[in-house]
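To keep things clear, I will list the structure first and then write my remarks on it.
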Amino acid sequence: MNDKSKPPGEVDATPFSQQVGAKASRKLKARRNPRPGVWSGLGVMGLIGWSVVIPTLSGAAVGKWLDKQYPGAHSWTLTLLIAGLCLGCFSAWQWVAREDQQMRDEHNHDND
């Protein structure tokens, strides 16, 4: 193909120029979305921890109040503590699964 038949500004894509273009796009993406550091990881662990702790302690508090108001043969505190723990674990699992899916989608998009 001669240079006169090409539109202005279009250049033949050599393997080297494709490699340079791919590296440049990765570098620009890395600048837009910096890689999470240690503090970010600790923050995520804290977020997941609190998403389990808050429903668990809330269930225990409501159960303790119910035990005082309506004493009976079974313990509301233990029942609601376990229910809160299950709810918190389910919530954390959903959050982690959603984040994992986002990372996989980004990875697949980058490879395209």
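Report the extension gain between Val44 and Asp100 in nm, rounded to one decimal, defined as 0.36 nm multiplied by the number of residues separating them, less their alpha carbon distance.
Values: separation 56, 0.36 × 56 = 20.16 nm, distance 1.28 nm.
That pair, Val44 and Asp100, stretches by 18.9 nm at full extension.
Projecting label points 7 angstrom from Cα along Cα→Cβ for Tyr70 and Ser58 puts them 2.0 nm apart.
Over all alpha-carbon pairs in the stretch 48-104, figure out the percentage whose distance exceeds 17 Å. Taking all Cα-Cα pairs of the stretch 48-104, the fraction more than 17 Å apart is 45 percent.
Each value in this text was obtained by applying a stated rule to the coordinates, not by laboratory testing. Since the model is a prediction, treat every value here as computed from it, not as a measurement. Cβ sites come from the backbone with ideal geometry, for glycine too, and all protein chains shown count toward neighbours.
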